[in-house]
Every structure is written in C-alpha cells, then in structure tokens.
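Only one structure is covered here, and it is reproduced in the block below.
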Amino acid sequence: MVATEPIYGGSRTAARLPPISVNSGGDGSYGAAAARWVSGLKNGQGGILYRQKYGKVDLTTYSIPLSRDWGRNGVPAELAKEANLHKAQKVALIETWEGLCAALESGYPVPVCSNIGFAKTKVRDQDGFLPRGGNWSHCMVAISVRYAKNDGKRDGILIMNSWGSTWVTGPKWPSDQPDGSFWISKEDAIAIISQGDSFAIGGVDGFKYRDLNHFDWMMQADPASLSLAF
C-alpha cells in the first residue's frame, strides 16, 4: 500500500513549479506536481514510499498532521531519497475517455484531480453511482471501468476515495465493489479529465504489457514484493 503523505508533501514543495523547500502555509496541491514527484526528480528525490516504518517515521497509518507538516516543510531528505528507489518510471496525462479506459483496462491507476464534487448526498444509487454536485477541489483515484454494452447497466468509472470505508453508503455494483468507493458517469469522468490534471501512473518498468490478476487488487501487498507494488 502506497503512503500518500510524502506524495502530498513532495508535490507542494520540491515537485511544484517553481520548486520550493518550504511552503508558507495553507493546504492543497495539484495532480501534475504529484505525478512529477512519484516519477522522481532530477536531484535524486521523489518516488514512492509504502505503508510501513522508516526508522522513527511510522507511515503504517494515514496521518493528517504529518501530511500538513511535510506539505509545509518538505519531505525529510533521507526519506525523499529513499522514495527515489521506487519510482513510477512513466506517467501520462489522460486527455480522453478512451485513454482513461485504456489505462484502467491495462491495470494502471489514474489519480483524478479536479474541482468537480460528488459528496452532496453520500448515498450511492441503485447502480452504485454518486451524482455530481457542487465544487470539490480534491484528488481521488480511478481503479476500474464498466460498460453498458457488457451488462454494466451504464458506462462508468469506479472512484476510490481516501476518507475510509464508511463515508459513503448505498447499493454496490458488483457486490464486491470496495467499501468507500463509488461509480461516476462517463459524462462526469470526461468533465474531470477535461480539466487537464489527471495522470495514469506506470510501474517500475513503465507501461509494459502484463497479465492482470484482478481479484486481489485491494488487498495488502506481500512485503517481499513491495519493490514492484506500484
């Protein structure tokens, strides 16, 4: 499982353009800076850390205070260099519905960043979808695609949020849809990617072909395979 605190912190400081070492305050970042961080910087920093302990720093559980600390003061240099050992060698801007679907069908996650909101009702409809509502500057991750022509009832993209498993309720489709996730319509997905800040994330060997094993995508990775987990 990938730790998000260093991605957030690095995106607000060293990976933003122009880069800075200390942020003066506030919260928030943008997708292109996060993509730049996970793919590694020219100074040997940036990349991916996991939900584990790194010396005295415990990343096993998400921490809002740590995210804010690193977002304002930067990721500690030794951890920024450690993250560089596990880089996403390729990232790609997603500009079309077809490109979004192709990335997901190939097993590459797509962090989606926009100001389009979905948390107005927090209750999924009978097909597992949340309706669009309000402005919501937020980053989530697209993890699956469904098609009406394949008995998916409606074209849609499955979105995983970082707010835990109980923030959204209501029906699921299919029955093993992950807790805390929701489907969005094709039209809403296009509206998100049209804002130009959503990126497909490739693995340590880029966007190469690989056989996919879907059943355990949301399970904790084997520690022995962490070097290949992203």
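For the reader, a short list of remarks on this structure follows.
- Sole residue being hydrophobic (A, V, I, L, M, F, W, C) and either crowded, with 22+ Cβ neighbours inside 10 Å or outside the structural domain of Q177 (by TED's automatic domain parsing) (or both), chosen from V38, V123: V38
- Where a residue in region 183-207 is more than 16 Å from N161 (Cα to Cα) and its partner, wherever it lies, is of a type in the set (S, T, N, Q) and crowded, with 18+ Cβ neighbours inside 10 Å, with Cβ under 9 Å and at least six apart: A191/S114; I193/S114; S194/S114; Q195/S114; D197/S114; I201/S39; G202/S39
- Residue match in region 61-72 (condition: assigned to a loop (DSSP other than H, G, I, E, B), without any contact (Cβ under 8 Å) to a residue 12 or more places away in the chain, outside the structural domain of A142 (by TED's automatic domain parsing) and not basic (K, R)): yes
- Of the residues examined, A142 is not one that is of a type in the set (G, A, S), within 18 Å of W97 (Cβ to Cβ) and touching an Asp or Glu at 6+ places or on another chain (Cβ under 6 Å).
- Which listed residue, of A102, A92, is in contact (Cβ under 8 Å) with a residue 60 or more places away in the chain, among the small types (G, A, S) and either outside the structural domain of R132 (by TED's automatic domain parsing) or not in a loop (DSSP other than H, G, I, E, B) (or both): A92
- Inspection of region 3-11 finds no residue satisfying the criterion of being outside any helix (DSSP H, G or I), among the small types (G, A, S), in contact with a Ser or Thr (Cβ under 7 Å, 6 or more places away or on another chain) and farther than 16 Å from K87 by Cβ.
The values are calculated or read from the model by the stated rules, or taken from the named source; none is laboratory data. Quantities reported herein were computed from a predicted structural model and do not represent experimental measurements. Using ideal geometry, Cβ is built from the backbone for each residue, glycine included, and neighbour counts are taken over all protein chains shown.
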